[in-house]
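Here the structure is laid out as structure tokens; the discussion comes afterwards.
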Amino acid sequence: MMSDTGATAWPEQLTGRWTLDVQRTRVAFRLKKLGFIRVAGTLPVAGGTLDCAPGGRPVRLEVRMAAAGFTTGNPQRDRAVRGRGVLDAEGHPEITFTAGSAEPDGDSWRVTGELTVRGVSAPQVLTVEAADPAPTGEPRFRATAVVDRTAVGVTALRGIAGRLVEVEIEAVLSPAP
């Protein structure tokens, strides 16, 4: 059932544990550079799980992203961001989001948790909505957030890279083994 916003009603059959299909889940981001140039890129998903109570209510979400996979299509910039001064992908290989709270918000869910980058955690809220199922029938979701990169300790490149990062996640779920 589609809503006026294009969201699909939350699937009630999601009871139990589900895993993120890392091959079909993507994390995209956008931010402003020098205040007006838009930079976009992606982070690969290394893994994750979604636990749902009977009736499909999300109760726990964990997503792990590979910091070394940060890419914007500019190799020089990507190496610099993956380096010690920004993400420190070698010392902190994963960026994580863990949530234990989800509240319905119309046809979407407001998922509250912690984002951890470089070992620094800060509260983060995702807006998650169901999307049409994947072509193979698995549940699919879209999530959005605005991340304050300085809140999670990414303070390098002030004045060059914007403080707020827009994040979009498209996720496909598979039943956990």
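Residue-by-condition table, conditions (1) under 17 Å from THR15 (Cα atoms); (2) out of contact with any helix residue (DSSP H, G or I) (no Cβ under 6 Å at 6 or more places or on another chain); (3) hydrophobic (A, V, I, L, M, F, W, C):
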position	(1), (2), (3)
GLY119	no, yes, no
ALA130	yes, yes, yes
GLY137	yes, yes, no
ALA143	no, yes, yes
VAL146	no, yes, yes
VAL154	no, yes, yes
ILE160	no, yes, yes
VAL165	no, no, yes
VAL172	yes, yes, yes
*Evaluate the following for ALA28: is it modelled with pLDDT of 95 or more, touching an Asp or Glu at 6+ places or on another chain (Cβ under 9 Å), of a type outside the set (Asp, Glu) and farther than 16 Å from SER174 by Cα?*
yes
*asked:* Out of the residues in segment 131-156 meeting the condition of being in a strand (DSSP E or B), of a type outside the set (Val, Ile, Thr) and farther than 17 Å from GLY48 by Cα, tell me which one is modelled with the lowest pLDDT.
replied: ALA131
*In segment 105-123, the residues that are assigned to a strand (DSSP E or B), in contact with a strand residue (DSSP E or B) (Cβ under 8 Å, 6 or more places away or on another chain) and surrounded by fewer than 18 Cβ atoms within 10 Å (Cβ to Cβ)*: ASP105, ARG110, THR112, GLU114, SER121, ALA122, PRO123
_On the basis of being more than 24 Å from ALA156 (Cα to Cα), of a type outside the set (Lys, Arg), assigned to a strand (DSSP E or B) and touching a residue at least 40 places away in the same chain (Cβ under 8 Å), does LEU126 make the cut?_
yes
*From THR155, THR144, grab the single residue that is surrounded by fewer than 17 Cβ atoms within 10 Å (Cβ to Cβ), of a type outside the set (Asp, Glu) and over 14 Å from the mean Cα position of the chain (by Cα).*
THR155
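The values are calculated or read from the model by the stated rules, or taken from the named source; none is laboratory data. These numbers were taken from a predicted model, which means no experiment stands behind them. We place every Cβ from the backbone using ideal geometry, glycine too, and count neighbours over all the protein chains shown.
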